[in-house]
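Please find one structure pasted underneath; my questions will follow.
The values are calculated or read from the model by the stated rules, or taken from the named source; none is laboratory data. Here the structure is a predicted model, which means the values were calculated and not measured. Neighbour counts run over all protein chains shown; Cβ positions are idealised from the backbone, glycine included.
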Amino acid sequence: MCWGVATAVNTRFSRAVVTGGAGFLGSHLCEELLRRGIGVMCLDNFLTGTPANITHLLGEPRFRLIKCDVTDFVHVPGPVDLVLHLASAASPADYLRLPIETLKVGSLGTLHALGLAGEKGARFVLASTSEVYGDPLQHPQSEGYWGNVNPVGPRSVYDEAKRYAEALTTAYRMSRGTDTAIVRIFNTYGPRMRPDDGRAIPTFIRQALAGEPLSITGDGSQTRSVCYVDDTIRGILALAESRAAGPVNIGGPLELPVIDLAKTIMELTGLPGSIRHIERPVDDPRMRRPDTALAQELLGWAPRVELRVGMARTIAWFRSQLAGAARATEV
C-alpha cells in the first residue's frame, strides 16, 4: 500500500498524536489516519509494541516516530488537534508481567496525554476497555453499568488503571473544559497480534498452526464477543470525529463460548487439531458482550466484517509470519 497518497476523507483533523502507536491497535490506527490525510506523531517505548508494526510507515513524510515513555513528561512540537491515548499493556500476559508499568501508564501516562491535549487545544480520545466491567453482573454490558471489578485481584492492575484513566479524563473535561471522549474497546483481533501475547485468539491460531492442542481455560463455556481490527478502528475514529464524550462501547455483538471460537479456528486452519483444558485464571470474566446501541445511535457505527472472514484474514497473516520466521532460521 502506498502511504504517500491519501484517500480523500472529510475530517476536521490535520495532525494526530497516537500514544502506543507501535502496538497492535495503535499501528492500525496510524495507518488509517494517514490514509485519511492526517499527519501522525507516533509515541511508543516498545515495551509491548514493536517497531516492525510501523516500519513500513517510516518513509511517509506525514509520519514521525518518537521513542518515549508517556509516563515521563510528553512534549510534541508544532500544532496537534487530536490525541489518541492507546499506550498500555493490554493482554493478561503483559500486564501481569508489568503490573507497575501498567498502573503508571493508566495514571501518569493518561495525565501527561491529557496535559498535551489541553496544551494544544486538541480533542482527546482515551482507549478504555471492556475490562472496566470486570466479571459483569449485567448482560449485555451497557455504558451505564458500573461494573464488578475486584480491586485487589491479579487483573486489577489493568482494570483499575483503565477505570482511573476514565475518571481522570472525565475530570479534565468537567473541570478544565478539555474536549475528551472515552471509547470502551471489546475483544479485538486481527493481523499484528503477537503470537505470544497470551490472549485467546492468537494463542489458538499459533497452537493450531503448530499442530499443538488448543489450550482452553476451564470448560470453555465462558463467552467472548470479538471484533475485527478494521471495525474497531472505524469505531474509534467515528467517536473522535464526533462531538460525543462517551463512554461508548465498540465491539462485536456476536457472543461465542470460547470453546466454539477455538473450534472455528481449527476448522479455518484446515489442520487436524485437538483441545486440552487447563485451569481458568483468577477473575476471568464468565461472559462478555457489548450493548452497542449507543455507538449505532451516536456514531452510525456497526461492525461489518463477519467472524469467519476476519478470522481467515488473521490466520493468513499468522501463517505468513510463521513461514517468514522459519525461513529466517534456515538462513
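If you take the residues of the range 182-218 that are among the acidic types (Asp, Glu) and within 22 Å of Asp284 (Cα to Cα), which of them is surrounded by the fewest Cβ atoms within 10 Å (Cβ to Cβ)? Before you say what the answer is, go through the steps one by one.
Here is the first cut: in the range 182-218, the ones among the acidic types (Asp, Glu) are 196-197, 212.
Among the residues that remain, those that are also within 22 Å of Asp284 (Cα to Cα) are: 196-197.
Values: Asp196: 12, Asp197: 18.
Ranking the qualifying residues of the range 182-218, first place goes to Asp196.
Quickly run through the range 246-270 and pick out the residues that are among the hydrophobic types (A, V, I, L, M, F, W, C) and touching a Lys or Arg at 6+ places or on another chain (Cβ under 8 Å).
Val248, Ile250, Leu256, Val258, Leu261, Leu268
Can you pull out the residues in the range 202-225 that are over 20 Å from Glu279 (Cβ atoms) and in contact with a helix residue (DSSP H, G or I) (Cβ under 7 Å, 6 or more places away or on another chain)?
Ile205, Ala208, Leu209
If a residue must be hydroxyl-bearing (Ser, Thr, Tyr) and under 14 Å from Leu111 (Cα atoms), how many such residues does the range 176-193 contain?
So the answer is 2.
Provide a single number: the residues in the range 291-325 that are touching a Pro at 6+ places or on another chain (Cβ under 6 Å) and either closer than 15 Å to Pro253 by Cβ or of a type in the set (Asp, Glu) (or both).
2
Have a look at Leu108, Leu103, Leu114, Leu126 and point out the one that is over 20 Å from Thr180 (Cα atoms) and aliphatic (A, V, I, L, M).
Only one candidate passes the filter, namely Leu103.
Which condition breaks for Val80 when tested against (1) more than 18 Å from the chain's Cα centre (by Cα); (2) touching a residue at least 60 places away in the same chain (Cβ under 8 Å); (3) farther than 24 Å from Glu166 by Cβ?
That leaves (3) as the condition not met.
How many of the residues in the range 254-306 are touching a Leu at 6+ places or on another chain (Cβ under 9 Å), part of a loop (DSSP other than H, G, I, E, B) and among the small types (Gly, Ala, Ser)?
Total meeting the criteria: 2.
To continue, here is another question. Please go through (1) surrounded by fewer than 17 Cβ atoms within 10 Å (Cβ to Cβ); (2) of a type in the set (Val, Ile, Thr); (3) modelled with pLDDT of 90 or more for Val331 and return the number of the only condition it doesn't satisfy.
Val331 satisfies all of (1) surrounded by fewer than 17 Cβ atoms within 10 Å (Cβ to Cβ); (2) of a type in the set (Val, Ile, Thr); (3) modelled with pLDDT of 90 or more except (3).
Name every residue in the range 163-181 that is part of a strand (DSSP E or B) and crowded, with 24+ Cβ neighbours inside 10 Å, in order of residue number.
Thr180
Which number in (1) in contact (Cβ under 8 Å) with a residue 40 or more places away in the chain; (2) over 17 Å from the mean Cα position of the chain (by Cα); (3) more than 16 Å from Leu237 (Cβ to Cβ) marks the one condition that Ser88 misses?
(2)
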